[in-house]
1. Please determine whether any residue of the stretch 91-113 is in contact with a Cys (Cβ under 7 Å, 6 or more places away or on another chain) and part of a helix (DSSP H, G or I).
2. Considering only residues that are among the aliphatic types (A, V, I, L, M) and at pLDDT below 90, which ones fall in the stretch 25-45?
3. How about the stretch 66-100: which of its residues are free of Cβ contacts under 8 Å to residues at least 24 places away in the same chain and over 16 Å from the mean Cα position of the chain (by Cα)?
4. Taking the stretch 8-26 on its own, how many of its residues are within 26 Å of the chain's Cα centre (by Cα), surrounded by 11 or more Cβ atoms within 10 Å (Cβ to Cβ) and of a type in the set (S, T, N, Q)?
5. Give me the residue from the stretch 58-90 that is assigned to a loop (DSSP other than H, G, I, E, B) and among the charged types (D, E, K, R) and, out of that set, farthest from R126 (Cα to Cα).
6. Can you tell me which residue among S129, S158 is outside any helix (DSSP H, G or I) and more than 22 Å from R47 (Cα to Cα)?
7. Would a scan of the stretch 96-112 turn up a residue that is small (G, A, S), at pLDDT 85 or above and more than 25 Å from L40 (Cβ to Cβ)?
8. Kindly evaluate R29 against the criterion of being within 19 Å of W175 (Cβ to Cβ) and surrounded by fewer than 17 Cβ atoms within 10 Å (Cβ to Cβ).
Amino acid sequence: MQRLLESGESYSQISVERLAAEAGMSRTRFYMYFEDMAELLYSAYVRVIAEGKTIVAKWWEDDGAIARDRMRRILGELIRYRAKHIMVAKAVRACVATDAIARGSVDAVKWESVAELQASIEAGQRAGSIDAELNPVVIAGWLGWMLERAVDQLVEDSRPAHLRKVADSLTAIIWNTLYAPSP
């Protein structure tokens, strides 16, 4: 599916027959694994999100205590990864626009990421590395949804110089939000 999406086909143009042929399997075999195309797309999206979390976990693993340059490297890796998989994210956006069940599933995955970010912020506050004045629920919501939505919008231009600017800006936003002392 990703190869077809990256070749310029839209999600709505890809049929089960075409996908099965591309994968070298029968239509019947496709249905042994997936109920429909939306389930396959959701599966691909969950895999992209999981790998993104693995990248970001390098930041979260030390109770939020991280040097700014290390955070920038991690966020740069995340930005490049999301740019590489932007077609899956775009297909998911198209799917959730018309499918309430898919929208609920995708939102649940996003809220799970926000909850993980909240836990990391709280751990950093307990450790003294993140500003204790911040409300972790609200900040995690802001940062989590910004990461999900804005990053996908900004990485559509996948030129390396642009991706570096996106990573630099994201690092500044997160660093100034979590680590800069309150006035």
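1. Looking only at the stretch 91-113, we keep the residues that are in contact with a Cys (Cβ under 7 Å, 6 or more places away or on another chain), and these are 102.
Subset that is part of a helix (DSSP H, G or I): 102.
Yes: one or more hits.
2. M37, A38, L40, L41, A44
3. Of everything in the stretch 66-100, those that are free of Cβ contacts under 8 Å to residues at least 24 places away in the same chain and over 16 Å from the mean Cα position of the chain (by Cα) turn out to be A67, D69, R70, R73, A97, T98, A100.
4. 3
5. Filtering the stretch 58-90 for residues assigned to a loop (DSSP other than H, G, I, E, B) gives 61-67, 85.
Within this subset, residues satisfying the condition of being among the charged types (D, E, K, R) are 61-63.
Details: E61: 14, D62: 12, D63: 8 Å.
In this case the residue turns out to be E61.
6. Of S129, S158, the one residue that is outside any helix (DSSP H, G or I) and more than 22 Å from R47 (Cα to Cα) is S129.
7. Within the stretch 96-112, none of the residues are small (G, A, S), at pLDDT 85 or above and more than 25 Å from L40 (Cβ to Cβ).
8. Values: within 19 Å of W175 (Cβ to Cβ): no; surrounded by fewer than 17 Cβ atoms within 10 Å (Cβ to Cβ): yes.
Against the criterion (within 19 Å of W175 (Cβ to Cβ) and surrounded by fewer than 17 Cβ atoms within 10 Å (Cβ to Cβ)), R29 does not qualify.
The values are calculated or read from the model by the stated rules, or taken from the named source; none is laboratory data. Please read these numbers as outputs of a predicted model, since none were measured by experiment. In this analysis, Cβ positions are derived from the backbone assuming ideal geometry, glycine residues included, and neighbour counts consider all displayed protein chains.
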